[in-house]
Amino acid sequence: DDTQAKLSKLTDVTHIFYVTWASRPTEAENCEVNGAMLRNVLRSVIPNAPNLRHVCLQTGGKHYVGPFESFGKIRPHDTPFTEDLPRLNVTNFYYTQEDILFEEVEKRKGPLSLTWSVHRPHIIFGFSPYSMMNVVGTLCVYAAICKHEGVPLLFPGSKDCWEGYSVASDADLIAEQHIWAAVDPYARNEAFNCSNGDVFKWKHLWKVLAEQFEIENYGLPQDGERVRLEEIMRGKEGVWEQIVKENQLQLTKLSEVAVWWFADMMLDGGFLLLDSMNKSKEHGFLGFRNSKNSFVNWIDKMKTYRIVP
């Protein structure tokens, strides 16, 4: 009722870009909550916005590997991931959202018919200091704490992740793909992967991160033991307060700018996350990013906005 009361008034909306989500303890709860959120938005806006033309839904690479709770329990698709791969036999709120999107868009036919697109980025390089999934920001905060304490910047991931190939999705590139899909007739009613178009190794980006924070000692732990941020950063709230004060940064709590569990998860390297951008290119989207330059760009923005020193 609250969604209906607030959003039904948006009668002049022409496009919806849906990129939000709410985290719940289980994937079944994720399906229920996130499905309801999307359904409420679409049912509030679609009947009341006659000029609405297109709905963009952003999901992600877990479409191909399953939700967090299934990691290591199911076999993901073989790489490179292509958009025509069948759904995995597992509960996934991305699948729930897609079904709701298709169902609600299909209701409006005729001259006022709607089109849709689904966008599937992988690990996102971007600037969102209060996001639950900001890997770049979390790693910047980790580096700042290591620099402050004079300790090595140890890679908090597996050796497979350190040595293996990875892909990333620049936040601006994702936005560009959304806009393209919203207005280009060749993108109607299609799902698209969205990654930078190159590959990188974390061992190379880790050197970049160390240089950005002027840390000379960095790399994999010498003893071969995996470092986990959720463990080594426990109890660092006071250290962060001191860093913020000494460097006159924006007043933030450590929990607001660093999501340790998510960085640990994304750097686990238990399986490859490589996708194909061929479908996007074949449909006319030729955008790309240099992943190293993207990484540096978002670190610079974290510094410019005084989130990290």
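When only residues in the range 72-102 that are farther than 17 Å from V19 by Cβ and touching a helix residue (DSSP H, G or I) at 6+ places or on another chain (Cβ under 6 Å) count, which is modelled with the lowest pLDDT?
P76
Would you mind stating whether K201 is at pLDDT 95 or above, charged (D, E, K, R), in contact with a helix residue (DSSP H, G or I) (Cβ under 8 Å, 6 or more places away or on another chain) and surrounded by 18 or more Cβ atoms within 10 Å (Cβ to Cβ)? Walk me through it before giving the result.
Values: at pLDDT 95 or above: yes; charged (D, E, K, R): yes; in contact with a helix residue (DSSP H, G or I) (Cβ under 8 Å, 6 or more places away or on another chain): yes; surrounded by 18 or more Cβ atoms within 10 Å (Cβ to Cβ): no.
It is false that K201 is at pLDDT 95 or above, charged (D, E, K, R), in contact with a helix residue (DSSP H, G or I) (Cβ under 8 Å, 6 or more places away or on another chain) and surrounded by 18 or more Cβ atoms within 10 Å (Cβ to Cβ).
Filter the range 245-284 down to residues that are under 22 Å from the mean Cα position of the chain (by Cα) and of a type in the set (D, E) and give me whichever is nearest to P156 (Cα to Cα).
Ranking the candidates gives D264 first.
Filter the range 251-309 down to residues that are acidic (D, E) and either on the phi > 0 side of the Ramachandran plot or assigned to a helix (DSSP H, G or I) (or both) and give me whichever is surrounded by the most Cβ atoms within 10 Å (Cβ to Cβ).
Residues of the range 251-309 acidic (D, E): 256, 264, 268, 275, 282, 300.
Still in the list and also either on the phi > 0 side of the Ramachandran plot or assigned to a helix (DSSP H, G or I) (or both): 256, 264, 282, 300.
Details: E256: 16, D264: 19, E282: 9, D300: 12.
Looking at the filtered set, the residue picked out is D264.
With respect to the numbered conditions (1) touching a residue at least 12 places away in the same chain (Cβ under 8 Å); (2) not assigned by TED's automatic domain parsing to the domain that holds W261, which one is the sole condition not fulfilled by L153?
For L153, the exception is condition (2).
May I ask you to list the residues in the range 175-212 that are under 14 Å from G287 (Cβ atoms), assigned to a loop (DSSP other than H, G, I, E, B) and of a type in the set (A, V, I, L, M, F, W, C)?
Answer for the range 175-212, where residues must be under 14 Å from G287 (Cβ atoms), assigned to a loop (DSSP other than H, G, I, E, B) and of a type in the set (A, V, I, L, M, F, W, C): there is none.
Any residue in the range 23-52 that's at negative phi: show its pairings with residues that are of a type in the set (D, E) and surrounded by fewer than 17 Cβ atoms within 10 Å (Cβ to Cβ) at Cβ separation under 6 Å, as long as the two are six or more apart or on different chains.
Correct list of pairs: E27/E69.
Limited to the range 217-246, what total is found for residues that are exposed (fewer than 13 other Cβ atoms within 10 Å of the Cβ), part of a loop (DSSP other than H, G, I, E, B) and modelled with pLDDT of 95 or more?
Final tally of qualifying residues: 3.
Here is a list of conditions, (1) within 24 Å of E256 (Cβ to Cβ); (2) in contact (Cβ under 8 Å) with a residue 12 or more places away in the chain, and A175 meets all of them except one; can you say which number that is?
With respect to (1) within 24 Å of E256 (Cβ to Cβ); (2) in contact (Cβ under 8 Å) with a residue 12 or more places away in the chain, A175 is out only on (2).
Identify all residues within the range 163-195 that are aromatic (F, W, Y) and crowded, with 18+ Cβ neighbours inside 10 Å; write none if there are none. Give the steps one after another, and end with the answer.
In the first step, residues of the range 163-195 are kept if they are aromatic (F, W, Y); the result is 165, 180, 186, 192.
The answer is W180, F192.
The values are calculated or read from the model by the stated rules, or taken from the named source; none is laboratory data. Only a predicted model underlies this, so the values are computations on that prediction, with no experimental measurement involved. Every residue, glycine as well, gets a Cβ built from its backbone with ideal geometry; the counts of neighbours run over all protein chains shown.
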